[in-house]
1. The conditions are (1) crowded, with 16+ Cβ neighbours inside 10 Å; (2) of a type outside the set (A, V, I, L, M); (3) under 24 Å from GLU177 (Cβ atoms), and LYS93 fails exactly one of them. Which is it?
2. Only one of these conditions is not met by ILE148: (1) more than 19 Å from ALA40 (Cα to Cα); (2) part of a loop (DSSP other than H, G, I, E, B); (3) of a type in the set (A, V, I, L, M). Which number is it?
3. Which numbered condition trips up GLU75, out of (1) surrounded by 18 or more Cβ atoms within 10 Å (Cβ to Cβ); (2) out of contact with any Leu (no Cβ under 7 Å at 6 or more places or on another chain); (3) not in a helix (DSSP H, G or I)?
4. Could you tell me whether TRP132 is in a helix (DSSP H, G or I) and buried (at least 16 other Cβ atoms within 10 Å of the Cβ)?
5. Among the candidates VAL64, VAL101, VAL153, which residue alone is open to solvent by less than 10 Å² (accessible area, probe 1.4 Å) and under 23 Å from GLU177 (Cβ atoms)?
6. Identify, from the list SER127, SER108, the residue that is open to solvent by 10 Å² or more (accessible area, probe 1.4 Å), over 27 Å from GLU177 (Cβ atoms) and at pLDDT below 95.
Amino acid sequence: MTRIGPRMKLIALFAIFALPMLVAWAMVTWRVGIPDERTAHGRLDPGLPALATWPVDAATKQGVRDWVLVYTCSESCDQEADRWWRLHRALGKDADRLSRVRIGGETSELPGESATHWQGAVPSWASPGTAWISDPAGRVVLQYDAGIETALVLDDIEKLFKMNPEPERAEVRDEREPVVVVGNDESGDIAVEQSDMAVEQSSMTRDAEEVGHES
């Protein structure tokens, strides 16, 4: 019987400890073995400010518990407004969980949409055609570059809704009254709403962060 020398034993020991790290590195680098349901098509940018602090005229969402799709208009504002409206409709029974906010453009507001404009200089992180998804507390969880396919954004929203189901109807306090979500709110209502929802929304944002890895 062949005996294993001390050097081979040492090499084998190093291999046992190094192999899991190599496998993990390969999974992250080549996206091998990572479930698709945990992969988003947008990117997560923790440095983006909350919607309530954006330098725009105040805009509203349809309900306190709504997630928000915000987008900036480019030269083809009418087409962009139409495609995000179609995405909203494609949510079916979950459509009432989303509100849309359009920044820029002079086209009329479509159903479920609130329009606003930048105040002064446009932030460096808000190039024309960019879109964002925020959680109900106004924290931006995903960002999309101009030209992103509508179907990919729809896929991300459906995943977020699935991971964050609506509360039982008996617990719902949202009466579908418009509330300020973007821009300065002189009444301070948005701050009160975010404070009341802080504990509840923390788990939602953690789920969104799990979804928010670049594919």
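1. The failed condition is (1).
2. Answer for ILE148: the failing condition is (1).
3. Result: GLU75 fails condition (1) only.
4. When the stated conditions are applied, TRP132 does not pass them.
5. Exactly one residue qualifies, and that residue is VAL101.
6. Just a single option satisfies the conditions, and that option is SER127.
The values are calculated or read from the model by the stated rules, or taken from the named source; none is laboratory data. Not measured: the values here are computed from a predicted model. All Cβ positions, glycine included, derive from the backbone under ideal geometry; neighbour counts span all protein chains shown. The area values use the complete protein model at the heavy-atom level, side chains included, leaving out ligands, DNA and RNA. Shrake-Rupley method; radii C 1.70, N 1.55, O 1.52, S 1.80 Å.
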